[in-house]
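What follows is one structure encoded as structure tokens, with my remarks underneath.
The values are calculated or read from the model by the stated rules, or taken from the named source; none is laboratory data. Not measured: the values here are computed from a predicted model. Cβ placement follows ideal geometry from the backbone for every residue including glycine, while neighbour counts extend to all protein chains displayed. Accessible surface is based on the protein model in full, side chains and every heavy atom, while ligands, DNA and RNA are left aside. Shrake-Rupley method; radii C 1.70, N 1.55, O 1.52, S 1.80 Å.
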2 protein chains.
Amino acid sequence: MERAQRGDRLERADRARQAELGGGMSPPRRRPRIADVAREAGVSKTAVSFAFNSPERLSAETAGRIRSVADGLGYRPNPVARMLTQRRTMTLGVLTPQALAVIFSNPFFALFSEGVAQAAEDLGYELHFISPLHGSLALAVGRSTVDGVVAIGLSAEHPEVEQIRGAGLPMVLVDSDDLPEHSSVVVDDEAGARAAAEHLVALGHRNVLVLAVEEAEESPGGALARDTHPPTTAELGRSESVTARRLRGYRAVFEEAGTAIDDDDVIAGRASIDGGGAAFQRAWRLGRRPTAVLAMSDAMAIGAMTAARAVGLRIPEDISVVGFDDIDLAAHVDPPLTTVHQPVRQKGADAVRLLIAEIEQRVASRPEHLRLPTRLIVRSSTGPAPAAGRTR
Amino acid sequence: MERAQRGDRLERADRARQAELGGGMSPPRRRPRIADVAREAGVSKTAVSFAFNSPERLSAETAGRIRSVADGLGYRPNPVARMLTQRRTMTLGVLTPQALAVIFSNPFFALFSEGVAQAAEDLGYELHFISPLHGSLALAVGRSTVDGVVAIGLSAEHPEVEQIRGAGLPMVLVDSDDLPEHSSVVVDDEAGARAAAEHLVALGHRNVLVLAVEEAEESPGGALARDTHPPTTAELGRSESVTARRLRGYRAVFEEAGTAIDDDDVIAGRASIDGGGAAFQRAWRLGRRPTAVLAMSDAMAIGAMTAARAVGLRIPEDISVVGFDDIDLAAHVDPPLTTVHQPVRQKGADAVRLLIAEIEQRVASRPEHLRLPTRLIVRSSTGPAPAAGRTR
DNA sequence: TACTGTCCCTAAACCGGTTCAGTAAACCGG
DNA sequence: CCGGTTTACTGAACCGGTTTAGGGACAGTA
């Protein structure tokens, strides 16, 4: 009965398809379903399911026959249907508030993804990148089919955080530990920034330019006006962004050395080579003539080096440059970049491990908060401050 | 998990009973389903579905009420269930035969992904990266839930190609047009390689080292032994890989100039900075003393430059280096890299557009084959060949 | 003989949505 | 007052699997 009805439908569907194609073509074969295999093998759907998932529940002979019938038909269990019944997708989401195209142009993110991918692969999970769809991160989150989410660069203010929590989706935050009830992985940004600043102070620098990573706001209706202006001190006070933590580190050291870094000394740009170059140029045009640059990403530092050379400065004789992250490339530019190393790959891998632990254990687990170390790597892009008066 | 499900059921039963009795404890809230919303709003499941997907089929009043009940319950349609009925996932797969961790360390791939992500976002699709799971690409493909696949670096020999075709999954090939029945996007690798080689020949170079991209084989049982040895001429003859096409271009030019590039002049390595460095070192240790390096990727070229400097060579006075791809970084290394530009972002975007066209139009469409141009960008990493006899 | 336990397999319920086919009520022109 | 539309909504089938609960055959035991 059920069979008769189903057959009827199929026949109709096939006819429609053939009509579309003008008929007469080789059968545009419909993907076989479990019922087709069952019929062909003369067993129940259950048996077919067992043959794939728990063969020990069938006699070896039956299991083998079912599998060979399935192979013959080219049958593959539909993964979506499987997800539905198992209520697991074996997929992890990587959530970023920025467009994927922006993300992939950032070498830091590539490094992070490497760590994420390595751990996910090892543990048998697939990866799904979640970023704003039609400008809405919420929409993308709602549409995505993942067992959990690694959120990077997502601060507590983002409304999506609430949505994810509401959906009961396990989440691990990276570079933010604002939400104590979610596990998190951060690095000691402030200490790293201090180390970088102390290095410059020790070399005699007192006139420094900070290249901050601009924090893109994607909120659909929200004011986005901060395109170029740096985050003000007030803003940084209440937000615990990476930028804020690093800036605090820089500032503390220079204040101790008797020179304040004020808002004019901080300029924001995209975390890319071009973004760093543009930011440096902007500062230069505004008349800033620093003896050193503290960039919050290596990509920006590299862009700044190129831009500095373009206005005739030698590195490190005329101007010193310090980066942040220690991406692979940092050692290969000329001069090799002095930078703050952070274990980016490990950050990704640890986040995934934390996330999967949460997904796989049913009992509510205490969130863990990891803080990984940073350390200064001195290469050749930094040197003694040029003698005063010869700043140009 | 079995236990978990059973628990879930009991919980549901209990909750139903509690609801009947009118008493309710604060529950470990289960995610609400469409039936919960329907009951709460006093309508059918169908009506709830309409409220979300075709509100015009309901009175404004009813639609509004349903939505607000849904909001109150925190209801979100389960995307997996939706995929199942609609038989669409609105997700595109990016298929690579290499591990994701390897892929992300390749700047070329980042650039490609940028293009892919941009186009996918514009057209409302999500992105799912598919790479070998537990060493099996076939397993990963079988498990993935996508409407179509962009395959990069996948040659016709890969058995997965057959699997994908068998599954009836739309696919676009990038950097391979071996399979005429699938759309493809390639660049004119051979012409690009010729241009690079001609540039070197014109500068007087006759002793050149080629850094080839090693083509990782992932076939589970297959021989993998080619770790370091370059692809032999015979192998390259039958395969139409990128490496093969570029090598053919290099060879043709040098043969015309009277110097053959033989297998000893070709060394393979990973398409990363370190891979290029290692390959150069290997060649150097084997006694090769070329006046120029033709690298098949910019990352390898940059690694080779660093390695060359490490053995005391100046660039371009002692040795010239030409890359391939023209990644953003190429202009920023020192000296700026002479390289063959290819429109990598566009390649990704075009592939996605072709794929989505195929997915969205019901009628079988003719596959399209795009071939994008390449062009040589001369910067400062190449110069005249050093006078003979002073090759060291 | 009756009871118990295994082994192998199946019918039916279920996952959480969408969609088909239809129905009751309101509307509408003649 | 009547047949014909529209409007607003619903019950049941369906997407393609997995899992629960249990049935029949057969062997072993009391």
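With a 1.4 angstrom probe, the accessible area lost at the B-A interface totals about 4700 Å². Residues in region A:72-87 carry Karplus couplings, in order, of x, 7, x, 7, 10, x, 5, x, 5, 4, 5, 4, 5, 6, 7, 6 Hz; the curve used is 6.51 cos²θ - 1.76 cosθ + 1.60 with θ = phi - 60°, and Gly or Pro positions show x.
Coupling constants for region A:331-347 follow from the phi torsions by the Karplus curve (6.51 cos²θ - 1.76 cosθ + 1.60, θ = phi - 60°), and in residue order they are 7, 9, 7, 10, x, x, 8, 6, 7, 9, 7, 9, x, 5, 4, 5, 4 Hz; glycine and proline get x. Computed over protein heavy atoms with a 1.4 Å probe, the carbon and sulfur contribution to the accessible area of region B:302-372 reaches 48%. At a threshold of 30 Å², the residues of region B:48-78 that become less accessible to a 1.4 Å probe in the full protein assembly than in their chain on its own are B:R76. For A:S381, the shell of other residues with beta-carbons less than 15 Å away shows a net charge of -4, using +1 for Lys and Arg and -1 for Asp and Glu.
With protein chains left intact and a 1.4 Å probe, residues in region B:237-342 average 32 Å² of accessible area per residue.
Note on B:R285 and B:E61: with the Förster distance fixed at 56 Å, the Cβ-Cβ geometry gives a FRET efficiency of about 0.10. Normalising by residue count, region A:310-392 has a Cα convex hull of 119 Å³ per residue. With R₀ set to 22 Å, the beta-carbon distance separating B:E181 from B:E360 gives a calculated FRET efficiency near 0.75. Projecting label points 7 angstrom from Cα along Cα→Cβ for A:R309 and A:R39 puts them 7.0 nm apart.
With a cut-off of 16 Å on the backbone N, the residues of region B:130-160 near the modelled label site 7 Å out from A:L123 along Cα-Cβ are B:134. Using the Cβ-Cβ distance between B:E317 and B:Q163 with R0 = 56 Å, the FRET efficiency computed as 1/(1 + (r/R0)^6) comes to roughly 0.60.
Residues in region B:243-259 carry Karplus couplings, in order, of 3, 4, 5, 5, 4, 4, x, 4, 4, 4, 5, 6, 5, 4, 7, x, 10 Hz; the curve used is 6.51 cos²θ - 1.76 cosθ + 1.60 with θ = phi - 60°, and Gly or Pro positions show x. Ligands, DNA and RNA are left out, and with a 1.4 angstrom probe the accessible area of region B:24-68 is 65 Å² per residue.
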